[in-house]
Amino acid sequence: MTKRRELFPLIAGVAGISAAPTSSAVAASLSDPELRRVSYQSARTGKQRDYFVYLPRGFAQQKQWPVMLFLHGDGERGDARGELDFVLIHGPLFEAWCQRRDLPFVIISPQLDKFSRGEIPYIKFRDASKIPRRGASGINTRPDAREVRLPGAMQGVDADDKLPDGPAGPPDGWNEMESELLAMLDRTIADFKGDARRVYLTGLSYGGFGAWNLAARHPQKFAALAPICGYGHPDHVEPLAKAKLPLWVFAGGRDPVVPLRYFYPVLNKLESRGHRGVRFTVEEDLGHLTWVRVYEGQDLYTWLLAQARK
């Protein structure tokens, strides 16, 4: 497994910590990470729901923190009460909480309602015993290579502008809970020492589509956008280009669920509008679970921390 250096020293202002290695004495004085449930009344479902807020190591000692809003994929939907733990399966919250990594962000992780998708087999028959947990030591087993890497020849593809869905993405997506996501952001910034200049948006698969749409509709809210395995729509171009929102998109070259050819139209159009803050990484050897490699690595987190709204 690739070794990772801790990201924590990248954030200054915690009990006098600088870029120098953290001493054991200083580290011992820092507050432990916490995973909190925050309750709210859902305007969309009319029910009480919860979402997770992760507080990083040293939260109590620092005045402001970068905030990351993470939108999960289709398989992790639920009632946001008894099923909320399914959002721990993938993404930055899995890395920070279950894998015990010191990611220096306050992470908001809501749960998308099932809506009409509750009878889909991979949702209806999912196994709660497979939800990862935070242990006293050690880490959880990641998906094996057969799930992440798929067979077949690696080869480039032509762009295809005949997208199967509109700007909001696939049906029953995160756009259904847009006002709630914005309220969560505002509440987290106010209640958990969030830095409004450093609010980041990322999501995988269904959450990738949701991230594109939310950022395009409210570009002033975010300092950077990082959708994984979810492409944008040409209608997103004007607001994102006007805001010059830094963007890093990831796709799997062997992804049979979200084909690579649909990613190019929006990215090419963004560049044609003069938006230079566009990155696109294709993991040619990976399938739909490309996010496993992306969130396991460090590059995305380092890049996000370098972005701030003026």
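The values are calculated or read from the model by the stated rules, or taken from the named source; none is laboratory data. Because the structure is a prediction, the values reported are computed rather than measured. Cβ atoms come from the backbone with ideal geometry, glycine included; neighbour counts cover every protein chain shown. The accessibility values were calculated without ligands, DNA or RNA, using every heavy atom of the protein model including side chains. Shrake-Rupley method; radii C 1.70, N 1.55, O 1.52, S 1.80 Å.
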**Report entry** Assigned charges on the beta-carbon of Lys, Arg, Asp, Glu; segment 102-180 dipole about Cα centre (debye)
**Finding:** 640
Query raised in the report: Expressed in nm to one decimal, what extension gain is obtained for the pair Gln64 and Tyr40 from 0.36 nm per residue of sequence separation less their Cα-Cα distance?
Result: 6.3 nm
Query raised in the report: What dipole magnitude, in Debye to the nearest 20, does the chain give about its Cα centre under +1 on Lys/Arg Cβ and -1 on Asp/Glu Cβ?
Result: 800
Query raised in the report: Ignoring ligands and nucleic acids, what accessible area does Glu95 show with a 1.4 Å probe (Å², nearest 10)?
Result: 0
Query raised in the report: Total Lys pairs in the chain closer than 22 Å by alpha-carbon, pairs eight or more apart in sequence or interchain only?
Result: 17
Query raised in the report: Any idea how far apart Asp285 and Asp85 come out in nm if each label point goes 7 Å out from Cα toward Cβ?
Result: 3.4
Query raised in the report: Can you give the Kirkwood hydrodynamic radius for the chain, in Å, rounded to one decimal and based on Cα pairs?
Result: 19.9
Requested in this report: Express in nm, to one decimal, how much length is gained between Trp303 and Leu163 on full extension, taking 0.36 nm for each residue of separation and deducting their alpha carbon distance.
Outcome: 47.5 nm
Query raised in the report: Under the definition of Cα pairs under 8 Å and six or more residues apart, what whole-number percent is the relative contact order of segment 150-281?
Result: 27
Report summary line: Measure of exposure for Lys162: accessible area at 1.4 Å probe, Å² rounded to 10, is 150
Report task. Would you please name the chymotrypsin sites (Phe, Trp or Tyr not before Pro) within segment 72-131 that are DSSP coil residues with at most 13 other C-beta atoms within 10 Å of their C-beta? Result -> Phe125
Query - Centre separation in Å (Cα based) which lies between segment 250-267 and segment 82-106 - result: 26
Report summary line: Here the percent of antiparallel bridges among DSSP beta bridges lying wholly in the chain, to the nearest 5, is 35
Requested in this report: Can you give me the span-like helices of the chain, meaning DSSP H runs with 18 Å or more of Cα extent along the axis and Kyte-Doolittle mean at or above -1.0?
Outcome: 178-191
Query raised in the report: Which FRET efficiency value, to the nearest 0.05, is calculated for Phe125 and Arg100 with the Förster distance at 41 angstrom and r the Cβ-Cβ distance?
Result: 0.85
**Report entry** Difference of contour (0.36 nm per residue) and Cα-Cα distance, Glu238 to Asp32
**Finding:** 69.9 nm
Report task. Order the following by accessible area, largest value first: Thr281, Thr188. Probe radius 1.4 Å; ligands, DNA and RNA are ignored. Result -> Thr281, Thr188
Requested in this report: Please give the per residue volume of the convex hull enclosing the alpha carbon atoms of segment 217-257, rounded to a whole number of Å³.
Outcome: 77
